[in-house]
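Notes to accompany the following structure.
The values are calculated or read from the model by the stated rules, or taken from the named source; none is laboratory data. A quick note: this is a predicted structure, and the numbers were derived from the prediction, not measured. Counting neighbours? That spans all protein chains shown, and the Cβs are built from the backbone with ideal geometry, glycine included.
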Amino acid sequence: MTTGEILWALRAECPIPSRLSPHADRAQEWLLGLLPELGLPLDDAALHRLSRGAFARYAGRLYPGASEADLRVLTALFTWFFLVDDACDGPDRLTPEQIRALRNGTLALLHDGPRLRQSGLSGPLRRLLVLAWREPRRRMPAVWRLRFADAVARHLDGTWQEAVNKEAGRRPSVNEYVELRRATSAAEVSYPLVEFTSGRPLPGPVYHHPLLRQIGSLGNDLLSWYNDLASLERDRATAGGHNLVLAMEAELAVPSAEAIERVAERWRASMRRFVALRAAVPSFGPALDEAVTDHLDGLAHAVRGTIDWTLESARYPAGTAQPASGP
């Protein structure tokens, strides 16, 4: 099977229902009107690429119940992370030192607000994050803001570590890569945003409950490995071995086709585990069960939403052409 056929096959095997916000397309139009106002150097071709990237549809798949106003906030946040990803992983990518400065500037803004200028975060990226962070910072309690900032720190620390590895020519082992990928995927950033859309932040002991954390890690792996399959050919040229297929090829000394099949089988086993553990979550009491259900649904939407968006976004052409025999 080709990589594209495997992507569609895994989508067909995913038991999580597909969802999409009814506000997604309007949020995308809003985004395309907003970005030039922030001073991003976007010509018509760049705007077209952003449009085909469908970031608002990605946010709309992860948070299908969000209000239109909240979906705009989420779309702006998602776009910020994708622009940072491009800056850190593109042909003119930031150095590890620049990524560290970006990380520190970002955390200073999240913790202290926009009044003080932060070195390392400036220009359009800063303006976009200031806009996107305004409503969560106003509306959410301090414990949630810290939770979100900690997730952003872990993500940017992982991005920095990957850049260090690439600069040194160091390719990670399979186990090293799996752990690092959980940081670079930004899934852990998306999880607390479920609480932003629901307005029901979980208490720390519940949010960090070992079973919920395990389910979150499995969801992170599922969306990350699916993305690795979709971006494989691009990653061969640019990722320095930071892709689960590439790590398996190197560590196990197997051809690409076998490594791809091994990743697909690992994905299937993790999906079975994800479904089983999600069904085994106990009650946390009537005051918390609804918020816990929101959280678990959010983890599931992150997995299925990433699958569906990957197959419709122009960022991943390997999956956009549906096989004639596909679902």
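Quick notes on this one:
- Selection of first residues in segment 13-28 that are in contact (Cβ under 8 Å) with a residue 24 or more places away in the chain and closer than 11 Å to Ala56 by Cα and of second residues that are hydrophobic (A, V, I, L, M, F, W, C) and not in a helix (DSSP H, G or I), restricted to Cβ pairs under 7 Å at least 6 apart or on distinct chains, gives the following pairs, ordered by first then second residue: Ser21/Ala66; Gln28/Ala54.
- Matching option when the condition is surrounded by 20 or more Cβ atoms within 10 Å (Cβ to Cβ) and at positive phi, among Ala163, Ala186: Ala186
- Checking each residue in segment 21-58 for being outside any helix (DSSP H, G or I) and surrounded by fewer than 16 Cβ atoms within 10 Å (Cβ to Cβ) picks out Pro22, Gly39, Pro41, Asp43.
- Residue match in segment 233-240 (condition: small (Gly, Ala, Ser) and part of a helix (DSSP H, G or I)): yes
- So Asp70, is it within 19 Å of the chain's Cα centre (by Cα), assigned to a helix (DSSP H, G or I) and acidic (Asp, Glu): yes
- Residue within segment 96-109 that is in a loop (DSSP other than H, G, I, E, B) and either more than 21 Å from the chain's Cα centre (by Cα) or hydroxyl-bearing (Ser, Thr, Tyr) (or both) present: no
- Pairs, first over 14 Å from Ser217 (Cβ atoms) in segment 270-287, second surrounded by 15 or more Cβ atoms within 10 Å (Cβ to Cβ) and modelled with pLDDT of 95 or more, C-beta under 6 Å, six or more apart: Phe284/Val206; Phe284/Val292
- Filter result for the condition that a residue is touching a helix residue (DSSP H, G or I) at 6+ places or on another chain (Cβ under 8 Å) and within 30 Å of Ala259 (Cα to Cα), over Ile99, Ile6: Ile6
- Odd one out for Thr238 among (1) in contact with an Asp or Glu (Cβ under 8 Å, 6 or more places away or on another chain); (2) at pLDDT 95 or above: (2)
- Conditions (1) closer than 23 Å to Ile16 by Cβ; (2) in contact with a Phe, Trp or Tyr (Cβ under 9 Å, 6 or more places away or on another chain); (3) modelled with pLDDT of 95 or more; (4) not polar (S, T, N, Q); number of the one not met by Ile260: (2)
- When segment 230-241 is limited to residues that are surrounded by fewer than 24 Cβ atoms within 10 Å (Cβ to Cβ) and in contact with a Leu (Cβ under 9 Å, 6 or more places away or on another chain), the one that is farthest from Arg171 (Cα to Cα) turns out to be Leu232.
- In summary, helices (runs of 4 or more DSSP H) completely within segment 151-209 and bearing 2 or more residues that are charged (D, E, K, R) occur at 174-184.
- Restricting attention to segment 242-257 and to residues that are over 14 Å from Val174 (Cβ atoms) and not hydrophobic (A, V, I, L, M, F, W, C), the residue that is surrounded by the fewest Cβ atoms within 10 Å (Cβ to Cβ) turns out to be Pro255.
- Matching option when the condition is buried (at least 20 other Cβ atoms within 10 Å of the Cβ), among the charged types (D, E, K, R) and at pLDDT 95 or above, among Arg145, Arg137, Arg103: Arg103
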